[in-house]
Amino acid sequence: MAVQAAADFMASKLAEAEFGFNDALAVDLVVQVRSRIYAAAELQGLKARDFACTLLGVISSKLGTMVFQVGDGGVVIDVGAGLEVPIAPMAGEYANMTHFVTDEDAVNVLATKAFQSAAGRVAVFSDGLQRLALNMATNTAHEPFFAPFFKVLASASEAQEDELQAALARFLASPAVNERTDDDKTLALAVQIP
């Protein structure tokens, strides 16, 4: 629901004559996501906290790139200078705690970073993959983790999409990954095809 609300918000923005890749865009996006979740909770007689989730994303075009994040997980992008981690992964006050887009202070904990160029490679992942995907001591991308994904994605055709998704699901459920994490494992990837 959060991702769909964010996508709907961006679709409406793209219909406008112009908009900026800035903090205001990210704040408006989070407010829209929160509104959708709060409305669904009310409709179902539940609390918004029952829909608690983190929210990470990348908006990119030839005009620029905006990275935004509420909660744990991570984003790795390449806007022309190699893979980088634009926002340090968030953690809550205690172990296994995080911030959620449904929290009252979601806009206050929202982290953003804007770039003047388009992202050529993007990976967004849940906290269960952080120890595999990042060098936590230096807050840098672990290039060997990402390189095979980006290589395959850059040369894949649309007809291979289902096959690639199945292969990614098998990898995320593999013993090699499960031995390193017992947390959720979500990975979204994108490459810009010239």
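Normalising by the residue count of the chain, find the relative contact order in percent from Cα pairs under 8 Å and 6+ residues apart. Display every interim value, and only then the final one.
Working: 314 pairs, mean separation 38.2, N = 194.
Answer for the chain is 20 percent.
Points 7 angstrom from Cα along the Cβ direction at Y38 and K151: gap in nanometres?
It is 4.8 nm.
With a/c under 1.5 counting as rounded, go ahead and sort the range 1-105 into rounded, prolate or oblate using the C-alpha gyration tensor (a ≥ b ≥ c being the square roots of the eigenvalues; past the cut-off, prolate if a/b is larger than b/c, else oblate).
Judged from the Cα gyration tensor, the range 1-105 comes out oblate (a/c at least 1.5, b/c at or above a/b).
Explain nothing, just compute: Karplus ³J(HN,Hα) = 6.51 cos²θ - 1.76 cosθ + 1.60, θ = phi - 60°, for every residue of the range 102-111 in order, whole Hz, x for Gly and Pro.
7, 5, 4, 9, 4, 5, 6, 8, 4, 10
Assigning unit charges at the beta carbon (Lys, Arg +1; Asp, Glu -1) and nothing else, what dipole magnitude in debye, to the nearest 20, does the range 1-109 show about its Cα centre?
Here the range 1-109 has a charge dipole of around 220 debye.
If you stretched the chain out fully between V31 and D105, how much longer would it get, using 0.36 nm times the residue separation minus the C-alpha to C-alpha distance?
Values: separation 74, 0.36 × 74 = 26.64 nm, distance 1.10 nm.
25.5 nm is the gain from fully extending V31 to D105.
When only C-alpha pairs under 8 Å and at least 6 residues apart count, what is the relative contact order of the range 23-102, in percent? If you can, show how the numbers build up before the last one.
Working: 105 pairs, mean separation 22.0, N = 80.
Relative contact order for the range 23-102 comes out at 28 percent.
Tell me the net charge near T102. Cut-off is 15 Å between Cβ atoms, T102 excluded, with +1 for each Lys or Arg and -1 for each Asp or Glu. Intermediate results must be reported in sequence, preceding the final value.
Numbers: positive: R34, R36, K47, R49; negative: E42, D50, D72, D103, E104, D105.
Residues near T102 contribute -2 overall.
State the label only: which of (1) 146; (2) 179; (3) 117 corresponds to volume of the Cα convex hull per residue in Å³ computed from the shown model?
(1)
Quick one: Debye curve from the alpha-carbon atoms of the range 55-128 only, equal weights, vacuum; give me log10 I(q)/I(0) at q = 0.22, 0.27 Å⁻¹ to two decimals.
-0.92, -1.21
At each listed q (0.16, 0.17, 0.22 Å⁻¹), what is the log10 of I(q)/I(0) that the Debye formula gives for the range 88-171 modelled as equal alpha-carbon point scatterers?
Cα-only, vacuum Debye calculation for the range 88-171: -0.89, -0.97, -1.22.
What number comes out for the charge environment of K151, summing +1 per Lys or Arg and -1 per Asp or Glu over other residues with Cβ under 12 Å away?
So the environment of K151 carries a net charge of 0.
Give me the distance in nm between label points sitting 7 Å out from Cα along the Cα-to-Cβ direction at A15 and A176, one decimal.
A separation of 4.5 nm, rounded to one decimal place.
Run the quick spin-label model on K62 and L164: label points 7 Å from Cα toward the beta carbon, then report their separation in nm to one decimal.
It is 2.2 nm.
Using alpha carbons only, how many angstrom separate the centre of the range 138-182 from the centre of the range 95-129?
The range 138-182 and the range 95-129 have Cα centres spaced 20 Å from each other.
Given the DSSP H assignment, sum -39500 (n - 2.57) over each helix run of at least 4 residues in the chain and divide by its residue total; what's the result at 222 nm in deg cm²/dmol, nearest 500?
So the calculated ellipticity at 222 nm is -11000 deg cm²/dmol.
Of the trypsin sites (Lys or Arg not before Pro) in the range 1-74, which ones lie in a loop per DSSP and count no more than 15 other C-beta atoms within 10 Å?
On the way: sites: K13, R34, R36, K47, R49, K62; in loops: K47, K62.
Passing sites in the range 1-74 are K47, K62.
Compute the accessible area per residue over the range 26-106, keeping the other protein chains in place, probe 1.4 Å, unit Å².
For the range 26-106, the per-residue accessible area is 48 Å².
The values are calculated or read from the model by the stated rules, or taken from the named source; none is laboratory data. Since this is a predicted model, take the numbers as computed values, not measurements. Glycine also receives a Cβ, built like all others from the backbone with ideal geometry; neighbour counts cover every protein chain displayed. Heavy atoms of the whole protein, side chains included, go into the accessibility calculation; ligands, DNA and RNA do not. Shrake-Rupley method; radii C 1.70, N 1.55, O 1.52, S 1.80 Å.
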